[in-house]
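Working notes, beginning with the structure itself.
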Amino acid sequence: MAFQPKAGGARHGQGAKPKPKSGTQAAPKTAPRPPQAKVVPWTLEQWQVALPDALAALGLVVSATQQQQLADYMVLLAHWNSTFNLTALRDPRDMLSHHLMDCLTVLAPLRAHLDGAGLAARTVPPKVLDVGSGGGLPGVVLAICCPAIQVTCVDTVGKKAAFIRQVAAELKLPNLRAEHARVEQLKGQFDVITSRAFASLQDFVTLTGALLPAGGVWMAMKGKQPDDEVSVLPHDVSVFHVEQLTVPGLDAQRCLVWMRPVDADHRPV
């Protein structure tokens, strides 16, 4: 049977579609994909309800103001994420476990290090650098929960740095700043340099080594213990502690890799 063009005939300048060759079959039609359920962000009130249980599961105590700031931050993150793609996660339950609670687990180890190294008691606030901060994880969380430390978040993507500046302004966090730059272009010294899914340990310490003062440490957030990455670290970098972390509700391995130059004197407690 000859091919019949659609009603109205072929468009000007176009001929009829060729007849399939003998012995061939037209490709079967692809079944339409089922519509995906639309992810609905949590309201501020929903975050306020969810946070106390999350903090209790982690054994953390923060002030009412800090809880409010954490809730405000997550609402801002979800709102900006719909336009600027700050994070791949959209479901608020995943954002709670994979982002917020994941970052909250490092609070106790960080505070222990600052106390043990005598940094928390000095008159000059300790300085923490979050490399490849993205949407502010963990930098914003650390700035909210540790107001006595100065947190700098650096990212090569301008919209991500702009978001963190907006968070600092709206949440009134004078101890939080953002830099739109490559980390190797930064100036200054930081007592703790941290990262979360930024790069290999080798690249992390190589790119940031000039920013670490005497007594400074690296605190890398990782999934499972990265033995392969540790084995290729520069000879002048020492891994002195790998701290296993547990994130309630998250079925995945998490750890902190603590590192320092070989001649450093300080280590986390």
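Scan (1) within 24 Å of Pro213 (Cβ to Cβ); (2) among the charged types (D, E, K, R); (3) touching a residue at least 40 places away in the same chain (Cβ under 8 Å); (4) open to solvent by 10 Å² or more (accessible area, probe 1.4 Å) for the single condition Asp130 breaks and write down its number.
Unmet for Asp130, out of (1) within 24 Å of Pro213 (Cβ to Cβ); (2) among the charged types (D, E, K, R); (3) touching a residue at least 40 places away in the same chain (Cβ under 8 Å); (4) open to solvent by 10 Å² or more (accessible area, probe 1.4 Å): (4).
Read through the list (1) within 18 Å of the chain's Cα centre (by Cα); (2) closer than 28 Å to Phe204 by Cβ; (3) open to solvent by less than 50 Å² (accessible area, probe 1.4 Å), then give the number of the only condition that Leu58 fails.
(1)
In the list Leu119, Leu110, which residue meets the criterion of being open to solvent by 10 Å² or more (accessible area, probe 1.4 Å), closer than 30 Å to Val232 by Cβ and in contact (Cβ under 8 Å) with a residue 40 or more places away in the chain?
None of the other options fit; the residue is Leu119.
Pick out, from segment 151-230, the strands (runs of 3 or more DSSP E) lying fully within it that include 3 or more residues that are open to solvent by 80 Å² or more (accessible area, probe 1.4 Å).
So the answer is none; nothing clears 3.
Give Phe198, Phe240, Phe190, Phe163 a once-over and let me know the one that is more than 20 Å from the chain's Cα centre (by Cα) and in contact (Cβ under 8 Å) with a residue 12 or more places away in the chain.
Selected residue: Phe240, the only one of Phe198, Phe240, Phe190, Phe163 that is more than 20 Å from the chain's Cα centre (by Cα) and in contact (Cβ under 8 Å) with a residue 12 or more places away in the chain.
The values are calculated or read from the model by the stated rules, or taken from the named source; none is laboratory data. Since the model is a prediction, treat every value here as computed from it, not as a measurement. Note that each Cβ is placed from the backbone with ideal geometry, even for glycine, and that neighbours are counted across all protein chains shown. Accessible surface is based on the protein model in full, side chains and every heavy atom, while ligands, DNA and RNA are left aside. Shrake-Rupley method; radii C 1.70, N 1.55, O 1.52, S 1.80 Å.
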